[in-house]
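K.L.:
I have a structure I would like to understand better, so I am pasting it below and will then ask my questions one at a time.
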Amino acid sequence: MPPSAKSIREDLARAKAAYAKNDELRAVQLLAGAFRSFTAVKLAGSDRAPIESLFRECLTNIGKLDGVKKYAPNGVPYLKGQEPKLAAFMATLAKKMEADLAEEGLEAMRQRKLRIDHAVIKGTKLLADGNLLEAQRNFRAAVEEYIDEAGLFPLIAGRLIDAGHHKASLEYLKRALEESPDNQRIYDFLLQVGGKGEEWAAVERVLLDAKGKTSVPALFDQTLSLAAARLGHWEVAKAAAAQALAADPGLTDAKRVYAAATQKLVQPAAPSQ
């Protein structure tokens with residue numbers, strides 16, 4: 001649809017609303033578009049006058065914005081007849097502000113990742129000093145900064161397991177299952193927690209809680225089958241082993257658990273005394 005007096009007024013109204021919301025880039029982009037549209041059509045005097053008044057108001061508004069002051073410290077005056085130049089200037093200004101926002105985003109991301117690194121390093125040092133409580137405080141601070149660093153959870157879990165805090169690691173292994181269930185290290189760690197940490201019941205509970213919340217690989221079901229078998233939960237073990245083998249028939253542990261569970265489930269119950 002070609003621009004019109006109505007569409008230009010609507011763009012300027014949106015620019016005013018964006019300014020009121022402190023959406024600096026949006027305000028400048030809308031103003032640039034309004035100038036561009038204004039130069040593309042010939043408007044009657046009765047339409048031009050209110051639009052020119054709106055241009056003056058919007059330019060006064062954006063002159064107060066920090067992102068604009070950086071490139072136009074004295075503001076941007078409205079010069080009648082110079083709308084093509086104003087359109088070009090506003091378009092260039094919008095691109096510069098967009099680049100600034102992108103750079104600010106990158107810097108914020110760098111700072112966030114630094115905070116994660118520092119928290120994990122400090123937590124690891126506290127673990128080495130035998131202070132689990134403070135180590136956990138730092139590890140949880142790192143987790144609070146999480147956005148897309150899926151490797152963070154198995155990393156922290158591994159540090160806790162290495163320090164002998166197997167049960168404490170389950171908090172992070174549970175999140176790891178939610179964020180990156182295809183990571184094989186998670187299942188290696190769960191087996192360590194179950195075996196060396198003697199926490200098979202907790203491992204089974206974590207896996208059962210996670211099951212159904214996300215698509216899981218064959219290793220997930222194999223690990224569940226192993227935990228359930230160690231606890232004598234043979235129906236759970238058999239079902240999990242069957243699912244694991246349906247996805248990957250070559251899983252040796254799942255085959256072993258399936259055979260053992262099948263044998264246990266067909267044995268007659270001991271007669272009551």
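K.L.:
Which count do you get for residues in the range 56-89 that are within 21 Å of Ala40 (Cβ to Cβ), open to solvent by 60 Å² or more (accessible area, probe 1.4 Å), in contact with a helix residue (DSSP H, G or I) (Cβ under 8 Å, 6 or more places away or on another chain) and part of a helix (DSSP H, G or I)?
P.N.:
Adding up the residues that qualify gives 1.
K.L.:
Select from the range 166-179 the residues that are under 18 Å from the mean Cα position of the chain (by Cα) and open to solvent by less than 20 Å² (accessible area, probe 1.4 Å) and write down the one among them that is nearest to Thr124 (Cα to Cα).
P.N.:
Once the filter is applied, the top-ranked residue is Tyr172.
K.L.:
Filter the range 10-49 down to the residues that are more than 18 Å from Leu79 (Cα to Cα), surrounded by 15 or more Cβ atoms within 10 Å (Cβ to Cβ) and not hydroxyl-bearing (Ser, Thr, Tyr) and list them by number.
P.N.:
Within the range 10-49, Asp11, Arg14, Ala15, Lys16, Ala18, Asp23, Glu24, Leu25, Arg26, Ala27, Gln29, Leu30 qualify.
K.L.:
Next up: Name the residue that is farthest from Gly158 (Cα to Cα), counting only residues in the range 106-136 that are among the basic types (Lys, Arg) and open to solvent by 80 Å² or more (accessible area, probe 1.4 Å).
P.N.:
The selected residue is Arg110.
K.L.:
Being in contact with an Asp or Glu (Cβ under 7 Å, 6 or more places away or on another chain), not assigned by the TED database to the domain that holds Gln29 and not polar (S, T, N, Q) narrows it down to one of Arg137, Arg115, Arg159, Arg110, so name that one.
P.N.:
Just a single option satisfies the conditions, and that option is Arg115.
K.L.:
In addition: Checking Glu171 against (1) in contact with a helix residue (DSSP H, G or I) (Cβ under 7 Å, 6 or more places away or on another chain); (2) in the same structural domain as Ile161 (by the TED database), only one condition comes out false. Which one?
P.N.:
Every condition holds for Glu171 apart from (1).
K.L.:
Specify the residue that is farthest from the chain's Cα centre (by Cα); the eligible residues are those in the range 90-105 that are under 21 Å from Lys16 (Cβ atoms) and open to solvent by less than 80 Å² (accessible area, probe 1.4 Å).
P.N.:
Met90
K.L.:
Now a separate question. Assess whether Glu24 counts as being in contact (Cβ under 8 Å) with a residue 40 or more places away in the chain and either more than 33 Å from the chain's Cα centre (by Cα) or at positive phi (or both).
P.N.:
Considered against the rule, which asks whether it is in contact (Cβ under 8 Å) with a residue 40 or more places away in the chain and either more than 33 Å from the chain's Cα centre (by Cα) or at positive phi (or both), Glu24 comes out as no.
K.L.:
Separate question: Out of (1) open to solvent by less than 30 Å² (accessible area, probe 1.4 Å); (2) within 17 Å of Thr124 (Cα to Cα), what's the single condition that is false for Gly194?
P.N.:
(2)
K.L.:
Would you please list the contacts, defined by Cβ atoms under 8 Å and residues six or more apart or on different chains, that run from a residue in the range 208-228 that is modelled with pLDDT under 95 to a residue that is of a type in the set (Lys, Arg) and in a helix (DSSP H, G or I)?
P.N.:
That search, which allows pairs on different chains as well, returns Asp209/Lys174; Ala210/Lys174.
K.L.:
Any idea which residue in the range 215-247 is farthest from Leu190 (Cα to Cα), counting only those that are open to solvent by 60 Å² or more (accessible area, probe 1.4 Å) and under 35 Å from the mean Cα position of the chain (by Cα)?
P.N.:
So the residue we want is Ala246.
The values are calculated or read from the model by the stated rules, or taken from the named source; none is laboratory data. Note that the coordinates shown come from a computational prediction; the quantities given were computed from them, not determined experimentally. Note: ideal-geometry Cβ built from the backbone for every residue, glycine included; neighbour counts use all protein chains shown. Protein only, heavy atoms only, side chains kept; ligands, DNA and RNA dropped before computing areas. Shrake-Rupley method; radii C 1.70, N 1.55, O 1.52, S 1.80 Å.
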